[in-house]
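The values are calculated or read from the model by the stated rules, or taken from the named source; none is laboratory data. Bear in mind the structure is a predicted one, so any value in this text is a computation, not a measurement. As a convention, Cβ positions derive from the backbone with ideal geometry for all residues, glycine included, and neighbour counts pool all protein chains shown. What goes into the accessible areas is simple: the full protein's heavy atoms, side chains included, and nothing from ligands, DNA or RNA. Shrake-Rupley method; radii C 1.70, N 1.55, O 1.52, S 1.80 Å.
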Amino acid sequence: MTRAAIPGLPSRYPIGELLPALYADDDLAQRFTAGLDTVLAPVLSTLDNLPAYFDPSLAPADFLPWLASWVGVEADPAWPVELRRAVVARAVELHRWRGTRRGLVERLRLCCGVHADVRDGGGATWSAEAGAALPPPPTGELLVRVWPVREGVAVDARRVLDIATASCPVHLICRVEVLPGPPGEPEQTGS
């Protein structure tokens with residue numbers, strides 16, 4: 001919806017009331033300025049409410065895509081408006097963590113409502129022992145294991161994969177596993 005399409009939007013500053021007293025009773029002047037008020041009311045209303053346009057929680061829904069472009073985020077139009085507002089509001093924070101496990105986990109929690117465990121198959125390894133055996137080659141796979149924040153809520157694996165793939169370095173293959181709950185801690189064996 002555009003603000004210009006609101007029928008009967010009154011002007012907070014009618015021009016006819018600002019004219020000199022000579023024109024206060026002039027029917028032609030009052031009708032002419034009333035026409036201008038109709039044209040200017042959406043503009044003045046927008047300017048009066050301008051700070052609200054820059055707050056994702058208050059901005060009109062049709063303004064969110066433009067606001068999202070300012071912070072360099074793509075909010076899927078199919079998402080509910082409240083989710084798009086949250087993504088735009090947290091975009092700068094999430095950009096700080098882009099390309100990291102934390103960034104991916106936070107993005108998945110925000111956009112999909114899931115907890116995530118990210119296993120990166122790439123990277124560098126080292127050893128404190130001189131002459132130690134070489135590490136195995138990297139798998140080239142990013143494994144993202146997710147489970148719902150609330151029990152009984154379905155996880156959209158395709159959406160998780162799309163978000164993970166967009167956040168994944170291009171040289172890694174991304175794979176998603178949906179778990180019913182948090183992964184169990186590995187069993188400790190020892191004496």
A student applying the Cα gyration tensor rule (rounded when a/c is under 1.5; otherwise prolate if a/b is larger than b/c, oblate if not) would label the stretch 125-190 oblate
In vacuum, with every alpha carbon of the stretch 37-147 counted as one equal point scatterer, what does the Debye formula give for log10 I(q)/I(0) at q = 0.13, 0.16 Å⁻¹? Two decimals, please. -0.67, -0.84
Mean separation of Cα contacts under 8 Å (6+ apart) over length of the chain, as relative contact order %: 13
Got a number for the accessible area of Asp76? Probe 1.4 Å, square angstrom, nearest 10. 70
Roughly how tilted is helix 101-112, in degrees to the nearest 10 and between 0 and 90, from the longest Cα axis of the chain? 50
Could you check the simple spin-label distance between Ala34 and Ala154, using points 7 Å along Cα→Cβ, in nm with one decimal? 5.6
Once Rh for the chain is found with the Kirkwood sum over Cα pairs, what is the Stokes-Einstein diffusion coefficient at 4 °C and 1.567 mPa s, in µm²/s? 60
Inter-probe distance in nm under a simple model that places probes 7 Å from Cα toward Cβ, at Ala133 and Ala89: 5.2
For the stretch 1-98, evaluate the Debye formula with one uniform point scatterer on each Cα (no solvent term) and list log10 I(q)/I(0) at q = 0.15, 0.16, 0.18 Å⁻¹, rounded to two decimals. -0.69, -0.74, -0.83
What list of ³J(HN,Hα) couplings, whole Hz, do you get for the stretch 37-46 from phi and the Karplus terms 6.51, -1.76, 1.60, once you set θ to phi - 60° and write x for glycine and proline? 4, 4, 6, 8, 4, x, 5, 5, 5, 4
Evaluate the distance, in nm, between pseudo-label points positioned 7 Å from the Cα of Asn49 and of Phe63 along their respective Cα→Cβ axes. 0.7
